[in-house]
Every structure is written in C-alpha cells, then in structure tokens.
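The values are calculated or read from the model by the stated rules, or taken from the named source; none is laboratory data. Keep in mind it's a predicted model, so treat the numbers as computed, not measured. Ideal geometry is used to build each Cβ from the backbone, glycine not excepted, and the neighbour counts take in all protein chains shown.
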Amino acid sequence: MTFEEARAQFPVLDHLAYLQAGSAGPLSRATVEAMHAEEARNLADGRAGGDYIERILAMRAELRAALAALVSVDAEQVVLTSSTTDGCNIVLAGLDLSGEDEIVTTTDEHFGLLGPLHMSGARIVVAPPDPDRIISAVTPRTRLLALSHVLWTTGQVLPVHELKERTGLPILVDGAQSAGAIPVDARGLDYYTISGQKWLCGPEATGALVVEDPEDLRVARPSYFSQQEYEPDGTFVPWPGARRFDPMWVPSALMSGLLAALELVPDGRFERAARMAERCRELLREAGAEVIVPEHRATLVSWRADVEVSDAIVARLATAGVIVRDLPGRGLVRASVGWWTSDEDLERLVEGVAG
C-alpha cells in the first residue's frame, strides 16, 4: 500500500493537520467500518452461544498474534489489555514488592507508569533520563527498572536493551510512544506495554503487555480468562503463557477495529515517519522555535513555550486546524509526527507557530 492510498483512509486528515497521535491517533475508515460491522453482527445475531464464543476466542488469538508480530515476540508472551497503564499495573501487582525494594525510573515518565509505581509499595528512585545516570541510581536494593522506550515529553529514545544488559535487572518498558511509531523488538525485555489507540491508530481502550517469562510473574489480578479450571474456594489452574494475565473481556468491536488498524500501514512507514519528524524539527527551528532535539529521538517533536501560555498556543493552533498538545507544567508544546503526516501539515504547523 502506498502512502497516498493509506493516508486517504483517514477522513480527519482532509481538514486538520492532525499531530496528536501521542495521545490518540487518527481513525481510518477501515477501522471504523470493521467496528460497525462487528456491532451490526452482534445486534442481529446476539452475543451468546457456542459459535459466538468460539469466534471471540479465535479473534483474541488472532489479535494476540498480530500484536506479537508487531514487536517480534511469540503470541504466547502477549497479554490483551485496555491500555499501557493496565499493563503496568498487572506487572507491578504481580512482582510483590515491598518497602525494602527499590525501583529506578526517570524524571520524564507519564503518570500511567508513575501511578502504578507509587502503588507498588517499593521505594521509587528517580533519575534523569540519561543511561549513565539511570545506572548510577541502581543499588543492591533495586529490583526493577521502569521507564519509557520513548519519553512522552521530548521524544528521546532510551536504550532499553542496553540498560537491561548493563544492570542485569528486570525491566518494565512503557511502550506507549514507541509501538507503531518506531521499529520495536521486545525480545529480551521482561515487560513491554503497548497502546492500541496511539501510534497504531486503533480504538480507545485497546493495548497489550509482553511478558517474556509468564512463569516468573504472579497472577495478582485474575480474571475469568486467567484459568483453565477452578475449585469452589477459588484455587485455579492458570493457562499456559501470558494469556493467564488477560484482565478482561475485550469487546469484539474493539478487537475488529484494532485488527483493521494493524493492517492499514504503508510500505516504509517507520522511515517516512522519522523523515517527517526531522523535517518538522528543521522547519520549527527556522521559524525561531526552541526545539528539543535529543541525540536519539523518535517521532514526538517538542519545543519550549512559557508555562503560562503553552495552552493558549495549543488553542490558537487548533483554530487554524492544527492539532497539537501542551505538556502541563513543563513549558513544552508537542507535535506527534506520524507516517501519515504531510508536508502541508508541517507548513500549517509552522505558519501557526510563527503567527
């Protein structure tokens, strides 16, 4: 599929410079049509019976396999979740940490990770997002590294495999801003979360968690999908693999929509997204913006703005049909540049910033 063919599937791009996939990506016609078709089927045929259950289980297996392929892992290592936060909570609940344990994270993490870290009971050690500073924060009490692959603030890419190798510690990677935006190989990483709604352009309340070795994590939040069989006292035999951690019944319309979204990608999507992000940085700098340019970077592009006016900048751009966001309290405005971003989108952004 060419870029032009794929982009034409997103009606919102006909009238908006949509640069907000870091929160929620644009929806394609194919995604919405798949969701409508699934709900129409449920409306006509109901949501019960052996055939229905078998179809849902097959759809879960298909989605699990598709998400596994996205990050180069086995389907047996994938949990179907509703969000990256959901995945973080599953991991941290299952690790059974205490106040004697420490987790090392960074200053630039989203609350979707920070909230579960706080509730883990462990002592949270916060370091700047620099590999050497992160490693220097490790002590004999450290039980986990927990950080983003791509920082939601600046688009900086952290060397998660290197950090795992240098420390020898388990690592929980928040993949909210990486999966679908840059190539991801989650092999060798203990836990990796995936958002369906962001760079994958899927429905809201979809996502996944990769668990490298499911036997090493306790099922702390069991759902009906965790067990093969159970006793009257609640004792249960878990399913093999990571499906034992599945927290919920994923609505079939959401699964259909995400499957459709995963198929709708043009050739060279990662290369094009990286190229357009670099072009965005170049144009913003030429327009006088103070752009944050990490050495290793992905497709989030942030520039500095006074904390008092960053929300007003976002509002002004929105009136011009350019959708970005501010990062409250950080003095940053952020554009999410995807493979679908056009030269015209970037020109509209720069005109709005300069104006």
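When you look at residue 44, is it within 30 Å of residue 173 (Cα to Cα) and either in a helix (DSSP H, G or I) or not assigned by TED's automatic domain parsing to the domain that holds residue 243 (or both), yes or no?
no
Among the residues of the stretch 128-169, count how many are in a strand (DSSP E or B), closer than 21 Å to residue 101 by Cα and under 22 Å from the mean Cα position of the chain (by Cα). Spell out how you get there, then give the answer.
Going residue by residue through the stretch 128-169, those that are in a strand (DSSP E or B) are 142-148, 150, 156-157.
Okay, now just the ones that are also closer than 21 Å to residue 101 by Cα, so 142-148.
Next cut, under 22 Å from the mean Cα position of the chain (by Cα) only: 144-148.
Qualifying residue count for the region: 5.
Pull out all pairs, ordered by first then second residue, where Cβ-Cβ is under 9 Å, the residues are six or more apart or on different chains, the first lies in the stretch 194-215 and is outside the structural domain of residue 273 (by TED's automatic domain parsing) and under 12 Å from residue 261 (Cα atoms), and the second is surrounded by fewer than 24 Cβ atoms within 10 Å (Cβ to Cβ) and of a type in the set (D, E, K, R).
196/204; 197/204
So how many residues does the stretch 197-214 have that are β-branched (Val, Ile, Thr) and part of a strand (DSSP E or B)? Steps first, answer last, please.
In the first step, residues of the stretch 197-214 are kept if they are β-branched (Val, Ile, Thr); the result is 206, 210-211.
Narrowing further to those that are part of a strand (DSSP E or B): 210-211.
Residues that pass the stated criteria total 2.
Could you please tell me which pairs satisfy a Cβ distance under 7 Å, a separation of 6+ or placement on different chains, a first residue in the stretch 251-271 that is over 13 Å from residue 56 (Cβ atoms), and a second residue that is of a type in the set (S, T, N, Q) and buried (at least 23 other Cβ atoms within 10 Å of the Cβ)?
Once the first residue is over 13 Å from residue 56 (Cβ atoms) and sits in the stretch 251-271, its partners that are of a type in the set (S, T, N, Q) and buried (at least 23 other Cβ atoms within 10 Å of the Cβ) give 257/31; 258/206; 260/31; 261/28; 261/31; 264/28.
Report the residue count in the stretch 301-329 for those that are closer than 17 Å to residue 110 by Cα and touching a helix residue (DSSP H, G or I) at 6+ places or on another chain (Cβ under 8 Å).
Counting residues in the stretch 301-329 that are closer than 17 Å to residue 110 by Cα and touching a helix residue (DSSP H, G or I) at 6+ places or on another chain (Cβ under 8 Å) gives 5.
Name the pairs whose Cβ atoms lie under 9 Å apart, with the first residue in the stretch 1-17 and of a type in the set (A, V, I, L, M), the second at pLDDT below 95 and not in a helix (DSSP H, G or I), and 6 or more positions between them or separate chains?
1/264; 1/265; 1/266; 1/267; 6/264; 6/265; 6/266
Condition first: at positive phi and more than 24 Å from the chain's Cα centre (by Cα). Now tell me which residues in the stretch 297-334 satisfy that.
321
Restricting the search to the stretch 170-196, which residues are among the hydrophobic types (A, V, I, L, M, F, W, C), within 19 Å of residue 113 (Cα to Cα) and not in a loop (DSSP other than H, G, I, E, B)?
Residues satisfying the conditions are 171, 172, 173, 179, 194.
Pull up the stretch 235-271, narrow it to residues that are polar (S, T, N, Q) and over 20 Å from the mean Cα position of the chain (by Cα), then point me to the one that is farthest from residue 220 (Cα to Cα).
My answer is 252.
Give the residues of the stretch 202-232 that are surrounded by fewer than 16 Cβ atoms within 10 Å (Cβ to Cβ) and acidic (Asp, Glu), sorted by residue number.
204, 213, 215, 216, 229, 231
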